[in-house]
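Just so it is clear, none of the values below were taken in a lab; they were calculated from the coordinates. Note that the coordinates shown come from a computational prediction; the quantities given were computed from them, not determined experimentally. Using ideal geometry, Cβ is built from the backbone for each residue, glycine included, and neighbour counts are taken over all protein chains shown.
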Amino acid sequence: MIAHEIQTATNQPVFSERLLAWFDVHGRHDLPWQQPRTAYRVWISEVMLQQTQVATVIDYFNRFMQRFPQLGDLAAAPLDDVLALWSGLGYYARARNLHAAARVMAAEGIPDSLVHWLALPGVGASTAAAIMAQAFDAPATILDGNVKRVMARHAGIDTPIEQASTIQALYHVAKSHTPTTRLADYTQAIMDLGATLCTRGQANCARCPVSTDCVAYLTDQVAQLPTRRARKPIPTRRAIFLHIEDDAGRLMLIRRPPSGIWGGLWCLPEYTPIEAQELQQSQHSESAARQAMLSQWSFAVQGEAVEIAAFEHRFTHYLLNATIERVRVGTYSYAQDTPDVRWFHVCDLPAALPQLGLPKPIARFLADCSVPLEE
Ligand code: SF4
């Protein structure tokens with residue numbers, strides 16, 4: 001690791017003072033979770049912002065606050081309602097953890113210390129620090145993706161940003177810049193700098209309040225920093241989803257298991273196809289794999305399965321390559337809805353979809369097929 005030495009100009013205000021002066025004029029002061037900036041609202045926003053950009057989060061946050069204005073509203077709500085409002089935001093474990101944490105807080109109170117925030121599900125070190133700084137004006141240092149990028153550039157830290165020793169070095173730099181007053185504003189300011197000027201693509205150094213001692217800027221390395229480990233190509237996983245439709249035009253959705261990918265969301269039933277090389281050594285066929293899956297519901301299947309759509313969806317660790325097959329079955333009564341299986345007439349889908357927590361590609365497909373499919 002090379003931490004470059006740059007002489008700070010004499011009489012220059014320290015990093016935090018320059019940043020705060022810039023923030024007072026150019027920072028974001030009207031984000032919905034800043035008014036009012038309560039611990040509950042800051043917590044919700046920070047969890048939403050963990051993997052998602054501010055511009056996307058704003059609408060989700062506002063809808064969430066309309067439905068769950070107070071902690072007690074969130075704690076009392078069924079998980080389904082929370083997942084429905086989270087639909088499309090991705091990383092659904094965040095919603096499940098949020099709901100679980102709300103129930104803990106409703107019973108034990110909202111924490112006012114870093115260590116107690118860290119004990120809640122879904123709250124890591126940077127999120128806990130952001131909540132403490134923004135909601136309680138407490139001295140805490142955040143290190144989210146934006147802050148890592150700013151610190152790596154400003155201090156000229158050129159080792160891969162995912163490396164534990166790099167993260168430690170970045171944290172020390174970030175901590176050394178953290179002031180002892182105006183913590184809420186400073187925390188917002190450093191996030192704003194990373195989001196608006198020191199961006200991943202084209203950094204706007206000419207307008208940056210800390211450019212005079214920024215190593216990357218002064219040594220012409222802005223485009224090179226931070227560095228990353230070479231990424232391995234991610235694997236592809238195949239899946240087939242079944243659009244099971246009865247002869248009354250009703251479509252079946254199931255609730256996925258509570259953990260794992262899309263945990264707890266409503267979805268078309270899914271099975272993993274048998275790969276070609278496995279097929280050669282196996283007694284099974286593709287249709288046998290499908291039939292094995294369908295047999296759990298004792299359907300009278302009518303005709304052959306027909307492929308009607310395909311999509312790809314990128315997760316962090318793999319690419320999902322999926323097809324959707326339509327399977328016709330005999331009428332299956334509404335009375336057989338269960339907590340984990342529901343039937344919807346295709347005409348009712350437009351009204352039903354917003355009430356359900358659905359994976360984004362499945363929601364998109366269902367929105368497109370809300371009129372009966374032709375043969
Ligand atoms: S001078 Fe440029 S690279 Fe350095 S912190 Fe500011 S925006 Fe980022």
Checking SER113, SER87, SER126 in turn, the sole residue that is among the hydroxyl-bearing types (Ser, Thr, Tyr) and either touching a strand residue (DSSP E or B) at 6+ places or on another chain (Cβ under 6 Å) or over 24 Å from MET191 (Cβ atoms) (or both) turns out to be SER87
Reported set for the stretch 135-166 where residues are away from the ligand (no atom under 16 Å from the Cβ) and touching a Leu at 6+ places or on another chain (Cβ under 7 Å) is ASP137, ALA138, PRO139, ALA140
Residue check, SER126 more than 15 Å from the ligand (Cβ to nearest atom), crowded, with 19+ Cβ neighbours inside 10 Å and either hydroxyl-bearing (Ser, Thr, Tyr) or within 17 Å of ALA195 (Cβ to Cβ) (or both): yes
Return yes when VAL123 is more than 24 Å from LEU183 (Cβ to Cβ) and of a type in the set (Val, Ile, Thr) and no when it is not. no
Output the residues belonging to the stretch 118-128 that are part of a helix (DSSP H, G or I) and in contact (Cβ under 8 Å) with a residue 24 or more places away in the chain. THR127
Pair list, Cβ under 6 Å, 6 or more apart: the stretch 193-211 residue farther than 20 Å from GLU17 by Cβ, other residue near the ligand (Cβ under 7 Å from one of its atoms) and assigned to a helix (DSSP H, G or I): ASN204/LEU197
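This table checks each residue for (1) within 11 Å of the ligand (Cβ to nearest atom); (2) among the polar types (S, T, N, Q); (3) closer than 28 Å to VAL150 by Cβ; (4) touching a Pro at 6+ places or on another chain (Cβ under 8 Å).
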residue: THR196; (1), (2), (3), (4): yes, yes, yes, no
residue: ARG200; (1), (2), (3), (4): yes, no, yes, no
residue: PRO209; (1), (2), (3), (4): yes, no, yes, no
residue: GLN221; (1), (2), (3), (4): yes, yes, yes, no
residue: ARG229; (1), (2), (3), (4): no, no, yes, yes
residue: PRO233; (1), (2), (3), (4): no, no, no, no
residue: THR236; (1), (2), (3), (4): no, yes, no, no
residue: ALA239; (1), (2), (3), (4): no, no, no, yes
residue: GLU245; (1), (2), (3), (4): no, no, no, no
Scanning the stretch 81-90 residue by residue, the ones that are surrounded by fewer than 16 Cβ atoms within 10 Å (Cβ to Cβ) and closer than 17 Å to ALA101 by Cα total 0
